[in-house]
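A.B. asks: Just dropping this structure here.
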Amino acid sequence: VQLQASGGGLVQAGGSLRLSCVVSGGIFSDLTMAWFRQTPGKEREFVAVITRDGGTTHYPRSVPDRFTISRDNAKNTVALQIDSLKPEDTAVYYCAADSTSGTYSDYEHEYDYWGQGTQVTVSS
């Protein structure tokens, strides 16, 4: 299973970005999909997860409702919409796939496959 993330960039505070992750080499509808992010010197942080059928999403309390995860099983794609961007959203964003558990998890060790990351930089 390969994950290819894209959509990052340099944006001004208040703007929006839509990150995408295309999955190949597996049955996408069998995968629970998540987004994590990481800033230099810090551990990777869970951002959002969506179940296989897209029916359930989950976000940690630390992530504001400016973040929305979605998926399109017909296109093997998971997306993360980030609105009203703030400088503290600056990070490398990673998509991840869990092929084994039937539920969702906040923990990165539960995820089998990872994309290469896409850089989001928000200027003030």
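The values are calculated or read from the model by the stated rules, or taken from the named source; none is laboratory data. Nothing here was measured: the structure is a model prediction, and the numbers come from that model. A quick note on method: Cβ atoms are made from the backbone with ideal geometry, for glycine too, and the neighbour counts reach across all protein chains shown. Note: accessible area is taken over every heavy atom of the protein model, side chains too, but ligands, DNA and RNA are not part of it. Shrake-Rupley method; radii C 1.70, N 1.55, O 1.52, S 1.80 Å.
A.B. asks: Only residues that are of a type in the set (Val, Ile, Thr) and either in a loop (DSSP other than H, G, I, E, B) or open to solvent by 10 Å² or more (accessible area, probe 1.4 Å) (or both): list them for the range 73-90, please.
C.D. replies: 77, 90
A.B. asks: Report whether or not residue 68 is in a strand (DSSP E or B) and among the β-branched types (Val, Ile, Thr).
C.D. replies: Yes: the conditions hold for residue 68.
A.B. asks: Here's something else I'd like to know. Report every pair of residues separated by at least 6 positions or lying on different chains whose Cβ atoms are under 6 Å apart, first residue within the range 112-124 and loosely packed, with under 14 Cβ neighbours inside 10 Å, second in a strand (DSSP E or B).
C.D. replies: 119/92; 123/12
A.B. asks: Test each condition in (1) closer than 24 Å to residue 10 by Cβ; (2) of a type in the set (Gly, Ala, Ser); (3) at pLDDT 95 or above for residue 62 and report the one that comes out false.
C.D. replies: All conditions pass for residue 62, except number (3).
A.B. asks: OK, next. Any idea which of (1) touching a residue at least 60 places away in the same chain (Cβ under 8 Å); (2) aliphatic (A, V, I, L, M); (3) over 18 Å from residue 3 (Cα atoms) is the one residue 19 doesn't satisfy?
C.D. replies: If we test residue 19 against (1) touching a residue at least 60 places away in the same chain (Cβ under 8 Å); (2) aliphatic (A, V, I, L, M); (3) over 18 Å from residue 3 (Cα atoms), just (3) comes out false.
A.B. asks: Here is a further query. Is it true that residue 24 is touching an Asp or Glu at 6+ places or on another chain (Cβ under 7 Å) and not aromatic (Phe, Trp, Tyr)?
C.D. replies: When the stated conditions are applied, residue 24 does not pass them.
A.B. asks: Looking at the range 38-50, I want the residues that are over 15 Å from residue 109 (Cα atoms) and have a partner that is of a type in the set (S, T, N, Q) and modelled with pLDDT of 95 or more with Cβ atoms under 6 Å, at least 6 apart or on another chain. Which pairs are those?
C.D. replies: Every condition considered, the pairs that remain are 50/57.
A.B. asks: I'd like to know if the range 91-98 contains one or more residues that are open to solvent by less than 20 Å² (accessible area, probe 1.4 Å), of a type in the set (D, E, K, R) and more than 29 Å from residue 124 (Cβ to Cβ). Give the derivation first.
C.D. replies: Here is the first cut: in the range 91-98, the ones open to solvent by less than 20 Å² (accessible area, probe 1.4 Å) are 91, 93, 95-98.
With of a type in the set (D, E, K, R) added as a condition, the list becomes 98.
Then keep just the ones that are more than 29 Å from residue 124 (Cβ to Cβ); that gives 98.
The answer is yes; a qualifying residue exists.
A.B. asks: Still on this model: If you go through the range 99-111, how many residues are loosely packed, with under 12 Cβ neighbours inside 10 Å and not polar (S, T, N, Q)?
C.D. replies: So the answer is 3.
A.B. asks: Could you list, in sequence order, the residues of the range 34-64 that are surrounded by fewer than 15 Cβ atoms within 10 Å (Cβ to Cβ) and either in contact with a Lys or Arg (Cβ under 8 Å, 6 or more places away or on another chain) or on the phi > 0 side of the Ramachandran plot (or both)?
C.D. replies: If the condition is that a residue be surrounded by fewer than 15 Cβ atoms within 10 Å (Cβ to Cβ) and either in contact with a Lys or Arg (Cβ under 8 Å, 6 or more places away or on another chain) or on the phi > 0 side of the Ramachandran plot (or both), then 41 is the only one that fits.
A.B. asks: Counting just the residues of the range 14-33 that are open to solvent by 50 Å² or more (accessible area, probe 1.4 Å) and closer than 14 Å to residue 82 by Cβ, which one comes out farthest from the chain's Cα centre (by Cα)?
C.D. replies: 14
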